[in-house]
Amino acid sequence: MQHLIILPDLGQTTSEAKVLKWLKQPGDPIRRGEPLLTVETDKVDMDVESFADGFLRGILVPEGSVVAALAPLAVVTATLQESWMPPAPATEQPAPEPIVSREKPAGREVPAAPELPREPAPAHEFRARPLTPEQQLAMFRRMLLCRQFEDRVYYLFLQGRMPGTIHQAQGQEACAVGVCAALGPGDMITSTHRPHEHAVARGIPVRSLMAELFARSTGCCRGKGGSMHIGDVSLGMLPAVAIVGGGIPLAAGFALAFQYLKTGNIVACFFGDGATNIGPFHEAVNVAAIWNLPVVFVCENNKYGASTAIEKVTRVPHVSDRAGAYGIPGRRVDGNDLEAVYAAMLEAAAAARAGAGPTLLELETYRFAGHSRSDPGHYRPKEEVEQWKLRDPIERYQRFLIEQGLLSPEQAAEMRNEVERELDEAVAFAEGSPQPAPEDCLTDVFA
Ligand SMILES: Cc1ncc(C[n+]2csc(CCOP(=O)(O)OP(=O)(O)O)c2C)c(N)n1
Ligand SMILES: [Mg+2]
């Protein structure tokens, strides 16, 4: 089988890239997710990865050429024996002057912030509530669905099939699943520009999420929201808010409604470490504190707000320390430990439901990928990424379940295959669904 490797569409402001270096040569074996070449855009140098396993057969664009988004770059075949065909020739342009200026823009020098320790969160004391094996396996499968959904979306992007911008959360599955597993059907979550795993964990069907990402009318927002606004109020997720910190006052507002209507429900409000320096964070946490609103503030501290390390912009060592400023409990939890997250969330949720007000949960975690699809994440030391990959929440929980005798490696592999089939169906559903009609622009508009 022949696969055409293309230059992914890197977003509205980057329409072309220069091929800097081929990292593989014709005949070399290549694995899915492995880099094939490095390209230079007007923003960054980044690797283009293969979306298929096989062998590199044809290089269609020499080093030094500039190619447009979605242009064919190479052919990969499943085996070395099969023949391959080049596509219609790629339009080549003469190698121009470098398109990236390496000069530092003039401006104020920002003084270096003091180095802060980066030791992981302590092993958590929450272990009290036993989970049944069925619950444990269901939570494990949900983490697989989150991860494989994200991976599938990434490979669709590499193939040029997934439109729009995406921010992915591979590595943060234990946060999404641990928090959502402690919620009931009438509860609500709010989310951010990185919402896919929150939505999957909350139980929104993957076919309706996939259709939304493909901008199809069968999507959870009828194809008019896209990746950064997914959600479904009827299933307990307010459409995500991509304005950093923007979802936090909405969460407090929803919690006020629950309190006023005496529904007994709570809100779980997801946000990133970057949002904790945004004004609305402080206002919303404060008002929730003084009114004892039934909300749990869940900070997924993945150490970076885009390319900025948290210690460069915050002197407080731990996000959870900030809870003291509002007189509410703050808990620092290993966000890559599924059951620790779940237990901490259960406790915070119980307090919120009992009228004791909000808790600030800091879940220490890490995103394996760059900030968005066009960010290779070069600002992060390689060793740091490697260290965090050793703490992969899915691998960790799988090892734990196997040690407990609840899962075999074969069953885990079969679960992964089953999730792949669910995603195949979701992609077929999405690609087979219609786009919204032009007149649909004026429906679902509330203000
Ligand atoms: C108010 C606002 N400022 C800037 C941006 C651009 N932006 C999008 S995501 C992001 C970083 C957010 O970091 P964090 O809150 O830690 O979330 P993470 O991306 O790590 O999940 C920025 C600066 C934005 N969307 N909204
Ligand atoms: Mg962050």
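The values are calculated or read from the model by the stated rules, or taken from the named source; none is laboratory data. No experiment lies behind these values; they were computed from the predicted model shown. For neighbour counting, all protein chains shown are included, and Cβ atoms are generated from backbone atoms with ideal geometry for every residue, glycine included. The accessibility values were calculated without ligands, DNA or RNA, using every heavy atom of the protein model including side chains. Shrake-Rupley method; radii C 1.70, N 1.55, O 1.52, S 1.80 Å.
General remarks:
- Subset of region 379-395 [in a helix (DSSP H, G or I) and surrounded by 12 or more Cβ atoms within 10 Å (Cβ to Cβ)]: 384, 385, 387, 388, 389, 393, 394, 395
- From the list 331, 353, the one residue that fits, being touching a Leu at 6+ places or on another chain (Cβ under 8 Å), basic (Lys, Arg), open to solvent by 10 Å² or more (accessible area, probe 1.4 Å) and more than 14 Å from ligand 1 (Cβ to nearest atom), is 331.
- Scanning region 366-392 for residues that are touching a residue at least 12 places away in the same chain (Cβ under 8 Å) and away from ligand 2 (no atom under 16 Å from the Cβ) returns 373, 374, 376, 378, 389, 391, 392.
- Selection of region 318-335 for residues being assigned to a loop (DSSP other than H, G, I, E, B) and within 16 Å of ligand 2 (Cβ to nearest atom) yields 318, 335.
- Annotation for region 313-328: no member residue is touching a Lys or Arg at 6+ places or on another chain (Cβ under 8 Å), under 30 Å from residue 37 (Cα atoms) and not β-branched (Val, Ile, Thr).
- Scanning region 165-187 for residues that are in contact with a Cys (Cβ under 9 Å, 6 or more places away or on another chain) and either within 14 Å of ligand 2 (Cβ to nearest atom) or not acidic (Asp, Glu) (or both) returns 169, 170, 172, 176, 177.
- Test: residue in region 157-168 that is open to solvent by less than 20 Å² (accessible area, probe 1.4 Å), within 18 Å of residue 268 (Cβ to Cβ) and either of a type outside the set (Lys, Arg) or in the same structural domain as residue 411 (by TED's automatic domain parsing) (or both): no
- The set of residues in region 277-303 being away from ligand 2 (no atom under 16 Å from the Cβ), under 23 Å from the mean Cα position of the chain (by Cα) and open to solvent by 10 Å² or more (accessible area, probe 1.4 Å) consists of 280 alone.
- Against the conditions (1) surrounded by 19 or more Cβ atoms within 10 Å (Cβ to Cβ); (2) assigned to a helix (DSSP H, G or I); (3) within 13 Å of ligand 2 (Cβ to nearest atom), residue 348 satisfies every one except (3).
- Only residues that are farther than 26 Å from residue 228 by Cβ and buried (at least 16 other Cβ atoms within 10 Å of the Cβ) were counted in region 253-276, giving 1.
- Output for region 227-268, where each listed residue is within 18 Å of residue 203 (Cβ to Cβ) and within 16 Å of ligand 2 (Cβ to nearest atom): 240
- Among the residues making up region 180-213, those that are part of a loop (DSSP other than H, G, I, E, B) and either open to solvent by less than 10 Å² (accessible area, probe 1.4 Å) or under 20 Å from residue 135 (Cα atoms) (or both) are 181, 182, 183, 184, 185, 186, 187, 191, 195, 203, 204, 205.
Per-residue answers, yes or no, for (1) within 30 Å of residue 39 (Cβ to Cβ); (2) assigned to a loop (DSSP other than H, G, I, E, B); (3) open to solvent by 40 Å² or more (accessible area, probe 1.4 Å); (4) not assigned by TED's automatic domain parsing to the domain that holds residue 312:
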{"site": "374", "(1), (2), (3), (4)": "yes, yes, no, no"}
{"site": "397", "(1), (2), (3), (4)": "no, no, no, no"}
{"site": "406", "(1), (2), (3), (4)": "no, yes, yes, no"}
{"site": "417", "(1), (2), (3), (4)": "no, no, yes, no"}
{"site": "420", "(1), (2), (3), (4)": "yes, no, yes, no"}
{"site": "446", "(1), (2), (3), (4)": "no, yes, yes, yes"}
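- Test: residue in region 384-402 that is hydroxyl-bearing (Ser, Thr, Tyr) and within 28 Å of residue 158 (Cα to Cα): no
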